[in-house]
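Notes to accompany the following structure.
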DNA sequence: CCTTGAACCTCAAGTTACTTCAACTTGTAT
DNA sequence: ATACAAGTTGAAGTAACTTGAGGTTCAAGG
């Protein structure tokens with residue numbers, strides 16, 4: 001049985017040690033055994049569990065959602081379909097965000113392009129390209145006229 | 001000149017009224033005029049500005065980053081090239097976020113797919129798809145065997 | 001054996017970006 | 001006139017951590 005101290009667990013899972021203690025505090029991780037000098041000792045199960053938690057968090061699940069998911073992992077009498085539904089709901093949210101982000105990327109890229117094309121002669125106080133970002137006018141038109 | 005009260009501005013921009021007051025408090029939005037009874041009145045400029053802020057926030061830019069961007073929009077004496085550079089830096093950030101989000105979408109979708117494919121016969125106590133998330137095994141394989 | 005420095009401990013407070021609440025005032029519709 | 005929705009303020013609460021203070025414990029070198 002591999003036994004890790006908090007630093008090793010932290011490194012293995014890419015988690016801050018303080019965050020591990022925090023998770024223990026809120027009951028997301030079980031209280032581990034302690035060695036002689038009161039230091040926490042973790043086993044491979046803990047590595048797996050924390051990896052799972054971190055991955056879910058990275059995926060944007062809230063702590064409460066992760067709690068639900070881990071309880072599903074723990075309690076096999078409950079349906080894996082429940083997990084599927086949770087993941088599916090999350091997928092929908094991710095896809096919405098993705099669509100919006102793509103639109104944003106497009107408009108910023110366009111903005112930068114216009115800048116490159118029209119600001120080369122040097123900027124002026126009447127440059128209007130900043131209006132683009134605030135939606136004052138549609139992107140692309142004249143820019144940087146020196147008064 | 002269209003003049004909105006806080007509720008109208010909130011609805012138009014998809015922002016909580018409390019958040020609007022909060023933005024005012026931290027100086028992200030200018031203090032608006034007040035009507036007779038001390039209620040805030042906003043114009044179309046405010047609608048645009050808040051729309052811009054919300055858009056940036058939705059895409060993960062911090063309040064401080066948004067502050068920089070809006071100051072560029074506001075202060076015309078500064079170079080539009082500065083705005084270009086900032087926008088370009090933001091574009092890089094957005095693209096990174098996009099990549100991450102796409103990867104996320106892919107893995108959640110895959111997870112849901114595996115669930116759909118393998119859990120249709122009904123879940124069992126030995127369902128192992130949850131192991132996928134904890135990294136016990138690679139995604140995709142048998143699932144939900146009823147003991 | 002002793003010391004030194006990294007890693008660990010606890011508990012408290014700080015951070016970001018809001019949201020919620022209480023207690024009150026104003027605006028609007030019947 | 002009377003509701004009642006929408007607005008006001010200031011303070012406190014929330015999520016999910018992070019940072020800090022002040023004190024142990026552990027592993028290595030002299």
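Overview of results
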{"quantity": "Copy-to-copy label separations for residue B:5, where each label sits 7 Å from Cα toward Cβ, in nm and ascending", "calculated": "6.3"}
{"quantity": "Reciprocal mean inverse distance between Cα atoms of the stretch B:1-59 - Kirkwood radius, Å", "calculated": "11.4"}
{"quantity": "Exam field: residue B:41 pseudo-label spacings to other copies (7 Å along Cα-Cβ), nanometres", "calculated": "7.3"}
{"quantity": "Other-copy label distances relative to residue B:21, 7 angstrom Cα-Cβ extension, nm", "calculated": "3.8"}
{"quantity": "Within 10 Å of each Cβ in A:85-95, the average number of Cβ atoms from other chains", "calculated": "4"}
{"quantity": "Backbone N within the stretch B:26-47 under 15 Å of label point (7 Å from residue B:18 Cα along the Cβ vector)", "calculated": "none"}
{"quantity": "Extension gain, residue B:116 back to residue B:86 (0.36 nm per residue minus Cα-Cα distance, nm)", "calculated": "6.4 nm"}
{"quantity": "FRET efficiency estimate (nearest 0.05) - Cβ-Cβ, residue A:95 to residue A:71, R0 41 angstrom", "calculated": "0.95"}
{"quantity": "Binned Cα-Cα distance frequencies in the stretch B:1-105 - 10 Å width, integer %", "calculated": "13, 40, 30, 14, 3, 0"}
{"quantity": "Computed label-point distance, nm, for sites residue A:8 and residue A:63 using a 7 Å Cα→Cβ extension", "calculated": "2.8"}
{"quantity": "Exposure proxy order (Cβ contacts within 10 Å, fewest to most) of A:13, A:96", "calculated": "A:96, A:13"}
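Read-outs: derived from the displayed coordinates by stated rules, not from any lab. Being a predicted model, the structure only gives us computed values, none of them experimental. Cβ atoms come from the backbone with ideal geometry, glycine included; neighbour counts cover every protein chain shown.
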